[in-house]
Amino acid sequence: MKSPRTVAIAGLAAVAMVGALAACTAGGGDDSGKTELRVATFPPGADEAAYTAFAEQEKQFEKENPDIDIIGVEYEWEGPTFAVQLAGGSLPDVFTVPFTDSKTLLENGQLMDVTDEIDELGYTDSFNPILLEEVTDSEGRMFGFPRQAYAMGLHYNRTLFEEAGLDPDNPPTTWDEIREAAKTISEKTGKAGFMEMTQNNTGGWQLAAATVARGGSIQEDNGDGTYTSTIANDGTKAALEFLQALRWEDDSLGSNMLLDWGTINQEFAAGNIGMYSSGSDVYTALVRDFSLNPDDYGLTVVPVEDGGGTLGGGDIAVVSPTVDEETKAAAVTWIDWYYMQKLLDEDAAVLDAKTLAESDQAVGTPVLPVLDRETYEESLTWIEPYINVPRDQMTPFIEGVWDQTPMGEPKGKTQEIYALLDTVVQAVLTDRNADIDALLEKADVDAQALLDQ
Amino acid sequence: MTMTRASDAAAEPAATAAPPPDSPPSPMVRTRTRTRSPRTWVRGGGLSTLVFLAPMLFVFGFFSWSPIVQSVIMSLQKTNLLDAPTWVGLDNFANVLADPLLGTAVLNTLYFAALALVFGFPLPIIMAVLMSEVRRGKGFYSALAYLPVVVPPVVAVLLWKVFFDASPTGLFNTILGWVGIPAQPWLQSPATAMPSLVLEATWAAAGGSIIIYLAALLSVPPELYDAAEVDGASIWRKIWHVTLPQLRGILFIMLILQVIGTAQVFLEPFLFTSGGPNNATVTILLLIYRKAFQNSLGGDYGEATALSVMLAIVLALLSWLYFKLTERWSTS
């Protein structure tokens, strides 16, 4: 007996396994003649109401564009996995990337050129030129639609302000006042008066923001595709001395010096932080993903001194470079409908705000205009009945931000240089005897080496 | 399989019975008994062996060996995974060696390995020996010791992050306060961050080692202890002269495994500190991760794989050394 049955079973198992593996990689086709478009929705973990709102918008879009079949895909911008997802084909066809990374991505050929489409839609001249610059390469080609922008804001906990005997309607307006308030909060409430991001490149990001707010800059654009590192400047030094004083003289920074964007939001939403600096639009995430109590929230501008400005940021809606022409056309139609029209068209704006508000999603979070200020402010009057964020608690920011000059992020090797600066910030916050001048000199040399590569 | 063997055995006598018993076996007969024709190979179950082996060969080849080969190739290329890669020779290796952070990462990894060796290696041995001396509730203590291994590593790290709270009201600092020791910065200082990671890693890994040592202790012949006892040996002399020499083989294996494991430490520095503060906990593997993912947006896969290849070569040398040493040991 040569056990044919054994052979058959083993063969069957092998065939089944290969079949299963093949099925894993098989792409889905569409027999209905519609163009399938995979679009980014929300980060994993967003609440169900967000998906309800999206499903409603999907229906509205497909009614207007019966040839396009929208497929929502969970998506969160993750630098680490981006290239792998792109190569593996698991990225949506339409997604968003932050300005911080847009230059690197477009120089790497990882974004689709959409210059002709932007021209055709007539947006080229209406975009805020500072933002358009973020998506344009050295030859003037454009690789995405700026869809949302923010300025740096100082987020504060109104409840902690009150507990510490401070007036939450009159938040600090200078760095010295921030230091005083932080000290008072920390002494009166036992919570961290101020906190700073330090990890996963956010330390560098915030240091760059604190530098421009003090009139400095960590990098000069030579205009010919090369950059000069200027990390050892007075603004960066003053920013680090500020942190050093809070940490080692006042002890008002709390006890955790290893925080990034997510963990600092978590700490703030949990009521453990008096003040911190981050993008002005973070309120939406604080409420949606971190369960912040809206009553605690206050927002003001980051103090700007010595001719400085506020570091801006934001994200752009882009198309995957791997899609075909038909999908690209569908992608542009979606971007225009989903991201752009609500900024321009009253009906679209009202429909968007209404849909979001009905699902309890934040409407009216303060942002910087992607187009011009007049259009932005007009659009706010259209959607006024649906605004559900406590804009009165954000008044100091909403009124003050127009007096500040928005500044772009450094463009050369942005993330690598932010990573270098992470360690500088960490050194100042964890080593009492850190020599700021020496740290900056070293970081400057290392950054220039990166820029010269 | 037993059926096949029985039929083979039945066929054998017929073949060997042909020559007379007093004459030497003819070369032809020798050939027939040593090599098998494809037919006998199939009849002997070779085909089903191959079919059974195929899925495993495929899985290993596809998911394990092919990535290894590809990463060696990638270490000689520059790629963004999208466009065709370009060959850059040994540039990636040169860049990795020129990276000022490489020295820091190597030293940090050695520091972690040394701390783990000094504190993490003897602890499970001591625990296992002590537990083997316990007469009642041995199972309970084994379960207790093994419990940390059951906790998912990420959960354990998140828990320990809370324990390591550097404020005076943090868990560990409160405990230290009871015995009059001042609050420690734990993860928040370049000086104490690495020892803190080793503390958690030791806690997390000790359970598995204890179980292995306990099993090894069972294999020590009880007569040796009886003889030592008759000679009036104290408990320490018994451990020193009987237990440890008997465990020597397993101790050596565990040592090598630990050295290889600690050279690849990633989880703790990644989750606890992201390599901070001030690069005090950047390890080689974390540096590989950073090169491949964190900073580059797909620019440095070549350098990351180059560093991986270099690490793999060092670890392969270590393993070779281990085999050489154990070989000599077993013959001596």
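Computed from the coordinates by the stated procedures, all read-outs in this text should not be read as laboratory data. All of these numbers come straight from a predicted model, not from anything done at the bench. Cβ atoms come from the backbone with ideal geometry, glycine included; neighbour counts cover every protein chain shown.
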Convex hull volume of the Cα atoms in segment B:92-331, per residue, in Å³? 154 Å³
Where nothing but the Cβ of Lys and Arg (+1) and of Asp and Glu (-1) is charged, how large is the charge dipole of segment A:371-453 around its Cα centre, in debye to the nearest 20? 220 debye
In chain A, whole DSSP H helices that both stretch 27 Å or further along their axis by alpha carbon positions and average at least -1.0 on the Kyte-Doolittle scale are A:4-25
Quick check on segment B:197-332: take the gyration tensor over C-alpha atoms, sort the square-rooted eigenvalues as a ≥ b ≥ c, and tell me if it's rounded (a/c under 1.5), prolate or oblate. prolate
Chain A: longest stretch without exposed trypsin sites (Lys or Arg not before Pro) (DSSP loop, at most 15 other Cβ within 10 Å), sites themselves excluded? A:142-431
Restricting the count to DSSP beta bridges whose residues both fall in the protein assembly as shown, what percent are antiparallel, rounded to a multiple of 5? 70 percent
So if the hydrodynamic radius of segment B:240-313 is defined as the Kirkwood radius over C-alpha pairs, what does Stokes-Einstein give as its diffusion coefficient at 10 °C and 1.306 mPa s, in µm² per second? 111 µm²/s
Rounded, prolate or oblate: which one fits segment B:27-141, using the alpha carbon gyration tensor with axes a ≥ b ≥ c (rounded when a/c is under 1.5, else prolate when a/b beats b/c, else oblate)? oblate
Take the alpha-carbon centre of segment A:409-427, take the same for segment B:210-256, and report the distance between them in whole Å. 54 Å
Name the aspartates and glutamates eligible as straight-distance cross-link partners of B:LYS324: C-alpha to C-alpha under 14 Å, and not fewer than 8 places from it in the same chain. none
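When the dipole is taken about the Cα centre of segment B:220-319, and only Lys, Arg (+1) and Asp, Glu (-1) are charged at their Cβ, what size is it in debye, to the nearest 20?
260 debye
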Of the listed pairs A:LYS411/B:LYS291; A:LYS188/B:LYS161; A:LYS34/B:LYS291; A:LYS34/A:LYS103; A:LYS328/B:LYS291, those with alpha carbons more than 30 Å apart are A:LYS34/B:LYS291; A:LYS34/A:LYS103; A:LYS328/B:LYS291
At q = 0.08, 0.11 Å⁻¹, what is the log10 ratio I(q)/I(0) for the protein assembly as shown, with the Debye formula run over Cα points and no solvent? -0.84, -1.34
Please work out the C-alpha center-to-center distance from segment B:103-134 to segment A:251-284 and express it in whole Å. 36 Å
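In segment B:86-185, which trypsin sites (Lys or Arg not before Pro) are in a loop and have at most 16 other Cβ atoms within 10 Å, using DSSP for the loop call?
Answer in residue order: B:ARG135, B:ARG136.
For chain A, what relative contact order do you get, as a whole percent, if you take Cα pairs closer than 8 Å and at least 6 residues apart?
Reported relative contact order: 24 percent.
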For chain B, what does the helix formula give at 222 nm: sum of -39500 (n - 2.57) over DSSP H segments with n ≥ 4, over the residue count, nearest 500 deg cm²/dmol? -21000 deg cm²/dmol
Choose one of B:ALA215, A:LEU246, A:SER278: the residue whose Cα lies farthest towards the positive end of the charge dipole of the protein assembly as shown (beta-carbon charges +1 Lys, Arg; -1 Asp, Glu; about the Cα centre). B:ALA215
Would you mind counting up the charge near B:VAL157? Only other residues with Cβ under 10 Å from its Cβ, with Lys and Arg at +1 and Asp and Glu at -1. -1
Report the GluC sites (Glu not before Pro) located in segment A:33-101 that are in a DSSP loop and have at most 16 other Cβ atoms inside 10 Å of their Cβ, or state none. A:GLU74, A:GLU76, A:GLU78
Along the positive direction of the dipole of the protein assembly as shown (beta-carbon charges: Lys, Arg +1; Asp, Glu -1; about the Cα centre), which of B:LEU224, A:ASN222, A:GLY122 reaches farthest? B:LEU224
Longest to shortest principal axis, alpha-carbon extents of segment A:180-276, angstrom: 52, 26, 16
About the Cα centre of segment B:92-331, what is the dipole size in debye to 20, counting +1 per Lys and Arg Cβ and -1 per Asp and Glu Cβ, all else neutral? 160 debye
Answer with one residue from B:PHE163, B:PHE121, B:ALA143: the one whose Cα lies farthest towards the positive end of the charge dipole of segment B:92-331, charges on Cβ with Lys, Arg +1 and Asp, Glu -1. B:ALA143
